[in-house]
Amino acid sequence: MEIPLNRQKKVLLIIAAILFSTSFLLSACQDVSVQTITWVEYEPVYMSHEEFINSVSMEATRELNNPGKIYFYEGFLFVNEVNKGIHIINNFDPSDPEQIGFINIPANKDIAIRNDLLYADSQKDLLVFDISSIENPQLLDRIEGVFNNSANTPPGFTTQSVDESKGLVVDWEPVVKEEICEGNCHTHPANIQGGGVFFDSFSSVSSERSASQSGVGGSMARFTINGDYLYAVDNSDLMTFDVSSTNTHKVNRQHVGWLIETIFPYKNHLFIGSVNSMYIYDLDNPAAPNQQSIFRHATACDPVVVEGNYAYVTLRSGENCPNVQGNDQLEVIDVSDLKNPKNIGIYDMINPHGLGIDDGRLFISEGDYGLKLMDASDPFNIKEVRHIKEIKTFDVIPLNGVLMVTGESGIIQYDYSEAPELTHLSTIPVIKD
């Protein structure tokens with residue numbers, strides 16, 4: 001029996017459609033099955049407890065490789081080499097800084113100094129050094145297990161868990177991974193948001209300091225000193241240490257909140273930054289700070305600095321910042337009533353990191369996007385007056401007309417006494433391995 005022409009056309013069209021669909025599906029399956037996934041995964045670096053204890057020592061100078069937090073004390077600049085230790089730099093002449101040594105401290109990130117005693121974290125321990133002989137620091141004390149820090153938390157994606165049988169985690173090494181995906185690559189761990197998140201932090205220059213001989217840190221610090229007390233924050237708690245003598249000891253520990261990042265002292269108060277809040281504590285009883293108020297803000301990495309009646313907070317999105325809104329901005333907060341802080345302004349930024357303020361001159365590190373100078377003489381109307389785009393910055397310390405900047409470009413110093421003019425003084429460059 002002969003098939004009518006119309007039916008023949010329909011059958012051919014159906015067959016063609018089936019063949020095309022089959023070919024498409026086979027092609028799609030084949031594409032998925034041969035995909036190569038490449039990603040960076042962080043792997044823990046272990047050290048035996050004995051090596052960890054015995055490796056603390058003064059060494060010859062070394063090149064900057066991964067500079068972190070900075071601290072200025074009586075003419076010397078102390079720069080953290082992330083998870084490695086502390087560079088000591090003679091900075092009496094900012095136009096000609098001289099590196100004079102390196103203190104090897106595994107898993108170190110934070111620094112504070114008072115009366116020639118340097119305090120540094122090392123994994124969960126607090127170390128105390130006598131630096132009265134700056135070229136030969138002496139370890140005086142190790143207070144063990146005081147920090148619930150993020151040493152066991154990677155700074156980015158990982159599929160690995162910490163194996164304590166291998167020793168202490170002192171660092172995380174980025175390793176490029178590659179794998180041929182033989183299925184739905186969207187479900188591969190490298191394509192799923194996850195892994196550990198590390199929130200680094202810093203505390204900036206305050207024009208109101210105690211009479212004791214303490215130094216000045218950057219805006220991302222977790223350590224700060226006020227009077228006879230060292231205050232330190234880990235991921236959730238505020239700890240108070242009596243540092244009135246060489247017999248350093250913890251006198252108080254209290255819970256603050258979730259994912260605490262930074263601490264900044266101003267007058268008789270502490271301003272503590274977390275990923276979604278700024279906490280204000282008074283120091284009427286310096287041994288036991290008392291919470292005055294909480295100011296909520298968008299979820300983001302958020303160092304804070306204060307001058308006069310105003311606090312300045314930068315909010316940053318990014319891979320290692322839990323910012324679901326994607327906000328990159330500067331928030332200005334009226335803290336004249338410390339029990340009732342109020343937002344008075346929000347300014348768009350690119351990717352702000354650390355910040356510092358001196359007499360209305362507000363400096364903001366924009367990460368890979370350089371350094372900004374803002375005119376904050378009127379906190380209700382802040383204006384950008386300078387943007388240096390050719391450097392990569394992380395944090396700043398403005399002090400007595402000299403701006404100390406740290407970041408991937410190195411340690412860069414400027415004279416800002418004639419701001420908005422910034423005169424370059426010196427650079428200690430980062431040298432990558």
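Here, each number is a calculation from the coordinates, and none is a lab measurement. Being a predicted model, the structure only gives us computed values, none of them experimental. Every residue, glycine as well, gets a Cβ built from its backbone with ideal geometry; the counts of neighbours run over all protein chains shown.
Which whole-angstrom value gives the distance between the alpha carbon centres of region 95-151 and region 370-433? Cα centroid to Cα centroid, the span is 26 Å.
Counting charges near VAL256 (Lys, Arg +1; Asp, Glu -1) among other residues having Cβ under 11 Å from its Cβ returns a value of -2. Count Lys and Arg as plus one, Asp and Glu as minus one, and take only other residues whose Cβ is under 15 Å from that of GLY101; the net charge is then -4. In terms of the Cα gyration tensor, with a ≥ b ≥ c the square roots of its eigenvalues, is region 317-433 rounded because a/c is under 1.5, prolate because a/b exceeds b/c, or oblate? Oblate, since a/c reaches 1.5 and b/c is not below a/b. For region 30-69, the residue among SER48, THR36, ALA60 whose Cα projects farthest onto the positive side of the dipole built from Cβ charges is ALA60.
At an R0 of 51 angstrom, the distance between the Cβ atoms of ASP96 and GLU179 translates into a FRET efficiency of 0.55.
One chain, two ends: VAL40 and LYS166. Fully extended at 0.36 nm per residue, the span grows by 43.1 nm beyond their Cα-Cα distance.
Relative to the Cα centre, the charge distribution of region 227-384, modelled as +1 at Lys and Arg Cβ and -1 at Asp and Glu Cβ, gives a dipole magnitude of about 340 debye. Placing dummy labels 7 Å off each Cα toward the beta-carbon, the span from ASN400 to SER245 is 3.2 nm. Taking 26 Å as the limit for the C-alpha separation, the pairs LYS383/LYS432; LYS109/LYS432; LYS69/LYS392 exceed it in the case of LYS383/LYS432.
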